[in-house]
1. Please label the shape of region 1-55 as rounded, prolate or oblate, based on the square roots a ≥ b ≥ c of the eigenvalues of the alpha-carbon gyration tensor (a/c under 1.5 means rounded; beyond that, a/b larger than b/c means prolate, else oblate).
2. For region 1-149, what is the convex hull volume of the alpha-carbon atoms per residue, in Å³?
3. Could you give the dipole magnitude of region 3-144 about its Cα centre, charging the beta-carbon of Lys and Arg +1 and that of Asp and Glu -1, in debye to the nearest 20?
4. Spelling out what I want: for every residue of region 50-60, take phi, set θ = phi - 60°, compute 6.51 cos²θ - 1.76 cosθ + 1.60 (Karplus), and round to whole Hz; glycine and proline get x.
5. Using the Cα centre of the chain as origin and beta-carbon charges of +1 (Lys, Arg) and -1 (Asp, Glu), tell me which of ALA132, GLY84, ALA25 is placed farthest towards the positive end of the dipole.
6. Place +1 on the Cβ of every Lys and Arg and -1 on the Cβ of every Asp and Glu in the chain, take the dipole about the Cα centre, and give the residue among HIS144, ALA114, SER51 whose Cα lies farthest towards its positive end.
7. I'd like the Karplus ³J(HN,Hα) series for region 90-107: coefficients 6.51, -1.76, 1.60, θ = phi - 60°, whole numbers in Hz, and an x wherever there's a Gly or Pro.
Amino acid sequence: MTFFRFVASGFGTGFFPRAPGTAGALLGLLLGLPLLLAPPFVFSSAVLLVSLLGFWAIRAARIEGDPGWVVIDEIAGQWMALLGLARPTVAGLAAAFALFRLLDIVKPGPVGWADRQGGAAGIMADDLIAGAIAAGILWAVREHWPGVLG
């Protein structure tokens, strides 16, 4: 396996035998948890860096279509969703994970549009958009019902 395919596979997570996208998102959740404790600009910068890394790895590996084993996009999208949390709580992490996975699977509106674009940009963009929508929903819930997410 080349280095680029290893990165694109979420450091091997994409080869999980069942639901590799969910496994990649779970890895994103676990790796993102310590970043929630960092200043917001650090976490935002990390989202940008992992997104660029994913785009670069997918292009460099010359990946066609969106094979199920490519999950670096799920990691980046899950991190994007986590930006909607003020701090890590069990309820908030569960909501961020569930919302991101739901939006990534159902692919409403702009998520589906991005998914149909193809190439490295399309592979990355649908998950980043799903993560941004999830972050917006989490932010709105926090604003309207401060105690719900902890």
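Every read-out reported here was derived from the displayed coordinates using simple, explicitly stated rules and does not represent laboratory data. Values in this document were obtained by computation on a predicted structure and should not be read as measured data. FYI the Cβ positions are ideal-geometry reconstructions off the backbone, even for glycines, and counts take in every protein chain you see.
1. In terms of gyration-tensor shape, oblate.
2. Normalising the Cα hull of region 1-149 by residue number yields 97 Å³.
3. For this selection, approximately 160 debye.
4. Computed from phi, the couplings for region 50-60 are 5, 5, 5, 4, x, 4, 4, 5, 5, 5, 5 Hz.
5. Value: ALA25.
6. The residue sitting farthest along the positive end of the dipole is SER51.
7. 4, 5, x, 5, 5, 5, 4, 5, 5, 4, 4, 5, 4, 5, 5, 7, 6, 6
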